[in-house]
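The values are calculated or read from the model by the stated rules, or taken from the named source; none is laboratory data. Because the structure is a prediction, the values reported are computed rather than measured. Glycine also receives a Cβ, built like all others from the backbone with ideal geometry; neighbour counts cover every protein chain displayed. We work out accessible area using only protein heavy atoms, side chains counted, and drop any ligands, DNA or RNA first. Shrake-Rupley method; radii C 1.70, N 1.55, O 1.52, S 1.80 Å.
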Amino acid sequence: MIEKEAKYDQDRALIASVIYNRLQIGMPLQIDATVQFALDTPKARLTNKDLKVESPYNTYKIKGLPPGPIGAPGKASIEAALYPEDTDFLYYLAKKDGTHVFSRTLEEHNAAKQKYLK
């Protein structure tokens, strides 16, 4: 999941921290890459309808980890999974340049959406 979500190595350990933090509190992972994997044909942009696809890989509907991998991770993603950053982030948002902004609260995350997804 980290491999598919992160374009740049600098974000991988932070994305891993969000995954671990969400798992720890029982929050759905809500990872777009898992929904893309579940779709017959990946899309440039997911719709709300896509987020409702019935699949054990849909981490918007199913809590916890998917039943198997969604791709082959590179070394940087494996290292990020083994050594995630120690953060209290629960959200991240991909900006247009491929980097991510990380947030602690839904309020911060929604503000980031307003700022970066105009």
If His100 meets every condition in (1) within 16 Å of Lys7 (Cα to Cα); (2) of a type outside the set (A, V, I, L, M, F, W, C); (3) without any contact (Cβ under 8 Å) to a residue 60 or more places away in the chain apart from one, which number is that one?
(3)
Applying the selection to the stretch 11-47, what residues are assigned to a helix (DSSP H, G or I) and acidic (Asp, Glu)?
Asp11, Asp32
Is the stretch 65-84 home to any residue that is over 17 Å from Ala6 (Cα atoms) and basic (Lys, Arg)?
no
For Pro56, all conditions in the list (1) within 14 Å of the chain's Cα centre (by Cα); (2) more than 19 Å from Asp9 (Cβ to Cβ); (3) part of a loop (DSSP other than H, G, I, E, B); (4) not basic (Lys, Arg) hold save one; what is the number of the exception?
(1)
If you scan the stretch 62-89, which residues turn out to be part of a loop (DSSP other than H, G, I, E, B) and open to solvent by 100 Å² or more (accessible area, probe 1.4 Å)?
Lys63, Leu65, Pro69, Tyr83, Asp86
